Every structure is written in structure tokens, then in C-alpha cells.
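Student: Let me give you the structure first, and then I'll get to my questions.
All of the numbers you see were taken from the coordinates with simple rules; none came from a lab. Everything numeric here is computed off the predicted structure, so don't read it as measured data. Quick reminder, even Gly has a Cβ in these numbers, built from the backbone with ideal geometry, and neighbours come from all protein chains shown.
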Amino acid sequence: MANSPDDLQVIVPNLHRRYSGVTATNRMVAPRLAKLYRAGWFGSDAPEGIARLGVGDVLKLWRRNRPMIWHARRNNEMIVGVLLRALGWPFKLVFTSAAQRHHTWITRWLLRQMDAIIATSDISASFLKVQSTVIPHGVDTDVYAPPVNRAAAFAESGLPGRYAIGCFGRVRAQKGTDVFVDAMCLTLPRYPDFTAVIVGQVTAEQTPFANDLKKRIEAAGLQSRIVITGELPIEEVQRWYQRLTIYAFTSRNEGFGLTLIEAMATGSALVAARAGAATLVVEDGVSGVLIPTGDAEALAAALEPLMRDVAAATAMGERGRARVLEKFSLDAEAVRIGEIYRPLL
């Protein structure tokens with residue numbers, strides 16, 4: 001641990017073994033927070049740029065005089081924070097909620113134990129039933145940046161055609177992967193320069209769902225032009241974003257939907273279902289196009305003008321990048337979270 005226990009101001013717990021969207025958002029903002037506050041990461045998947053805390057480091061903080069922040073993003077992290085505080089750790093408890101659903105009784109009780117609550121969108125805030133501050137997620141605009149040459153980036157993939165349409169995230173109905181496949185089966189036969197790429201994990205429980213998608217792709221004769229990569233290292237995912245001309249956000253329901261701002265930051269044109277933070281992030285018709293959730297025909301209809309006019313897609317991607325730089329950078333997110341921490345410390 002870089003700082004002594006007496007110096008520590010913020011603990012960022014990540015008490016979840018599987019790498020998830022919550023982990024990804026946490027990893028991105030934590031190093032920026034560490035530039036503003038003396039912060040430590042407790043748990044798996046620690047990013048660079050923030051001190052790592054072991055169990056021994058946390059034990060040393062028992063009954064310390066000065067308060068410090070325990071910033072949870074999951075129920076189990078709230079539970080641990082509440083328990084540790086009850087046992088004598090000097091924690092001020094902060095929780096970030098991206099969920100867009102009615103909460104269980106245990107979550108509602110935990111929320112009432114928090115000293116401050118952050119929601120990632122107005123919709124998330126509306127489900128909390130307690131006072132919260134809306135702070136949207138940010139993205140690292142240096143890492144998620146347009147490629148020097150998008151055509152060359154796509155060419156290195158070895159896929160057919162000249163342009164790519166992407167849909168990223170775990171392969172499952174909630175993410176609308178089936179909506180994307182059905183829309184591609186409608187549009188790709190008419191646009192031979194495009195290939196569709198699905199980047200995301202297929203879990204064991206979702207294998208039947210994925211197999212059904214493969215059957216639809218085969219029935220359409222598009223095996224070479226609708227590619228499912230499976231789970232990839234984060235660096236490869238970032239490179240895939242840079243190969244895309246268009247990104248399709250197809251979730252049926254979503255907490256925030258980080259892929260929205262990741263794709264926009266890399267300069268892809270965006271067609272987004274009205275789930276998660278899509279209506280907060282996207283200026284319809286300017287930095288993206290909004291469509292109903294679960295509607296493959298609406299997705300196809302919104303994609304076609306961009307597939308027909310790649311210059312228009314490129315211009316939309318540039319406007320999307322500018323919007324992310326203005327509204328959804330990591331530094332802006334970290335500063336606003338710091339404003340929540342300051343009165344508690």
C-alpha cells in the first residue's frame with residue numbers, strides 16, 4: 001500500500017469475482033479519484049494508478065480517529081461497509097446506483113444506511129426513493145479515441161468488406177443480441193461492404209441462446225459477415241471499437257450502458273435503443289439515433305441511411321466524440337464525485 005493507513009481518505013471496494021460492467025466503470029474512474037484524494041482499491045481487478053489494499057491494510061484502519069469514504073457499487077459492498085462501520089471502522093458510506101428497476105427490501109434498507117447516494121442517470125435516481133445526486137459515468141477519452149486510419153484498422157481484422165457495424169456486451173437477450181442479429185439479416189444482404197461484429201462473452205447458461213443466433217445467421221447465409229468473437233481482453237475490445245463505422249446499442253434494459261459512450265468516444269456513428277442512459281447521452285439525430293427497445297425492424301431502418309452514406313455516419317461519429325469530450329469524460333466524473341466526498345470528510 002502506497003499511503004499509510006493514517007493518510008487514507010477513500011476505499012474503493014470491488015468485491016466481485018467476475019469482471020463486469022460495474023467493475024469496468026469502477027476501474028476507469030478510480031485512478032482519477034486517486035489524483036484528487038488519497039485512495040486505495042480493495043478487491044480484485046485493481047487498475048494502475050491507485051494503491052492496492054489487502055485485508056491487513058483494512059484491519060489497520062479500525063477505530064482510526066478521522067473518517068474516510070467507503071464507496072460501494074454493489075449490495076454486497078454496501079453490506080460489508082455497514083458491518084465494518086458497526087464494528088468500529090470510521091467509514092462514511094457512499095453508494096453509486098446504475099440500476100433501473102424497483103429495489104428489493106434489503107437494498108432499500110441498505111440505501112437508508114448510506115451517507116450519500118449517486119445515481120448514474122435520472123431514471124436510476126427515480127427508482128431509489130431516497131435523495132441522490134445524478135453523476136453520469138465518464139470514459140477515458142485518451143484510450144477510447146478515434147483511430148488514425150479507420151479503414152486500416154478495419155483491414156487488419158481480416159474480415160470481408162470495408163466497414164464494420166458492432167454490438168458489444170455479453171451475448172444474451174437482455175443485451176438485445178438477437179435484435180442485432182435479426183437487423184443484420186435484414187440489412188447486410190443489401191450492403192455488401194459491411195460486416196457485423198458481436199464482441200462479448202457467451203456464458204454456459206446462454207449457450208442455447210447463442211446457438212439459436214448461429215442458426216439464424218446460417219439460415220441467412222451470413223456466417224462470414226456476422227462474426228461473434230467471444231470474450232476478448234480489454235485492449236482488443238478497445239481496438240475493435242476503432243474498427244467500427246457504426247455502433248448499435250441494443251439493450252432491452254440496462255443500468256447505464258457504458259458501451260454508448262465508449263463507441264461515441266472512438267468516433268462511431270450510434271444507433272441506440274432507449275435503454276439505460278441512452279436518452280441522457282444521445283441527442284437524437286445529432287450525436288446518434290434513438291429507437292424503441294427490442295425492435296429489429298426499427299434498428300434496421302435507422303442503420304440503413306448510415307450504411308448508405310458512410311460520410312454521414314463519419315460526421316455523426318465526430319459529433320458524438322465532441323459530445324463525450326464535453327459531457328462524459330472521466331475527469332468530469334471524478335471531480336463531481338469528489339464534490340460528494342468533500343463534506344463527508
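Student: Under 20 °C and 1.002 mPa s, how fast does the chain diffuse according to Stokes-Einstein, given a Kirkwood radius computed over C-alpha pairs? Answer in µm²/s, whole number. Before the final figure, lay out each step's value.
Tutor: On the way: Rh = 21.0 Å.
Taking Rh from Cα pairs, D becomes 102 µm²/s.
Student: Shifting gears a bit: Output the relative contact order of the range 150-327, whole-number percent, from Cα pairs under 8 angstrom with separation of 6+ residues. The partial results should precede the final answer.
Tutor: Numbers: 351 pairs, mean separation 41.9, N = 178.
Answer for the range 150-327 is 24 percent.
Student: Something else about it: Going by average Cβ density within 10 Å per residue, which order do the peptides 9-18, 200-209 take, highest to lowest? The partial results should precede the final answer.
Tutor: Working: 9-18: 19.2, 200-209: 13.9.
The packing order, highest mean first, is 9-18, 200-209.
Student: How are the alpha carbon pair distances in the range 150-327 distributed across 5 Å bins from zero to the largest one, expressed in percent?
Tutor: 2, 9, 19, 24, 24, 15, 6, 1, 0
Student: Here's another thing I want to ask about it. Along the positive direction of the dipole of the range 178-321 (beta-carbon charges: Lys, Arg +1; Asp, Glu -1; about the Cα centre), which of Val281, Asn253, Leu213 reaches farthest?
Tutor: Result: Leu213.
Student: Just report the Cα centroid separation between the range 148-223 and the range 254-314, whole Å.
Tutor: Between the Cα centres of the range 148-223 and the range 254-314 lies a distance of 16 Å.
Student: Another question, then. Among Val139, Ser124, Met114, which residue has its Cα positioned farthest towards the positive end of the charge dipole of the range 81-157, with +1 placed on the Cβ of Lys and Arg, -1 on the Cβ of Asp and Glu, and the dipole taken about the Cα centre?
Tutor: Met114
Student: Go ahead and estimate [θ] at 222 nm for the chain from helices alone: -39,500 (n - 2.57) per DSSP H run with n ≥ 4, summed, over the residue count, rounded to 500. Intermediate results must be reported in sequence, preceding the final value.
Tutor: Numbers: 14 runs with 145 residues, N = 345.
My calculation for the chain gives -12500 deg cm²/dmol from helical runs alone.
Student: Would you calculate the separation in nanometres between label points at Val148 and Arg63, each defined as 7 Å from the Cα along the Cα-to-beta-carbon direction?
Tutor: 6.0 nm
Student: May I pose another question? Quick check on the exposure proxy: order Ser224, Ser329, Ser121 from fewest to most C-beta atoms within 10 angstrom.
Tutor: Working: Ser224 11, Ser329 19, Ser121 24.
By the 10 Å Cβ count, ascending: Ser224, Ser329, Ser121.
Student: How far apart, in nanometres, would the label points at Thr104 and Ala204 be if each is projected 7 angstrom from Cα along the Cα-to-Cβ direction?
Tutor: The answer from the label model is 2.2 nm.
Student: Shifting gears a bit: When only Cα pairs under 8 Å and 6 or more residues apart are kept, what is the percent relative contact order across the chain? Mind showing how you got there, number by number?
Tutor: On the way: 690 pairs, mean separation 57.9, N = 345.
It comes to 17 percent, rounded to a whole number.
Student: If you don't mind, another one. Largest first and to the nearest Å, give the Cα extent of the range 166-209 along each principal axis.
Tutor: Largest first, the range 166-209 extends 34, 15, 14 Å along its Cα principal axes.
Student: Any idea how far apart Thr279 and Lys214 come out in nm if each label point goes 7 Å out from Cα toward Cβ?
Tutor: Using points 7 Å along Cα→Cβ, the separation is 3.9 nm.
Student: Could you give the length gained on full extension between Arg162 and Thr229, defined as 0.36 nm per residue of separation minus the Cα-Cα distance, in nm?
Tutor: 22.3 nm
Student: Any chance you could run the full-extension gain for Arg112 through Leu325? It's 0.36 nm times the residue separation minus the Cα-Cα distance, nm to one decimal.
Tutor: Details: separation 213, 0.36 × 213 = 76.68 nm, distance 3.44 nm.
Extra length available between Arg112 and Leu325 comes to 73.2 nm.
Student: So if R0 is 41 Å, what FRET efficiency would Val335 and Ala173 give, r being the distance between their Cβ atoms, rounded to the nearest 0.05?
Tutor: Working: r = 37 Å, r/R0 = 0.90.
E(calc), rounded to 0.05, equals 0.65.
Student: From the Cα gyration tensor of the range 1-157, with a ≥ b ≥ c the square roots of its eigenvalues, which class applies: rounded if a/c is under 1.5, or else prolate if a/b is larger than b/c, or else oblate? Please report the intermediate quantities before stating the final value.
Tutor: Details: a/c = 2.29, a/b = 1.33, b/c = 1.72.
Verdict is oblate for the range 1-157.
Student: Can you tell me the order of 248-259, 87-98 when each peptide is scored by its average per-residue count of other Cβ atoms within 10 angstrom, highest first?
Tutor: With the highest mean Cβ count within 10 Å placed first, the list reads 248-259, 87-98.
Student: So, one more: Using a 10 Å cut-off on Cβ atoms, rank the peptides 52-58, 320-326 from the highest mean neighbour count down.
Tutor: Values: 52-58: 14.7, 320-326: 18.1.
Highest-to-lowest ranking by the protection proxy: 320-326, 52-58.
Student: Right, something else. Computed FRET efficiency, Cβ-Cβ of Asp122 and Glu297, R0 22 Å: what is it to the nearest 0.05?
Tutor: Details: r = 29 Å, r/R0 = 1.30.
Plugging the Cβ-Cβ distance into 1/(1 + (r/R0)^6) gives 0.15.
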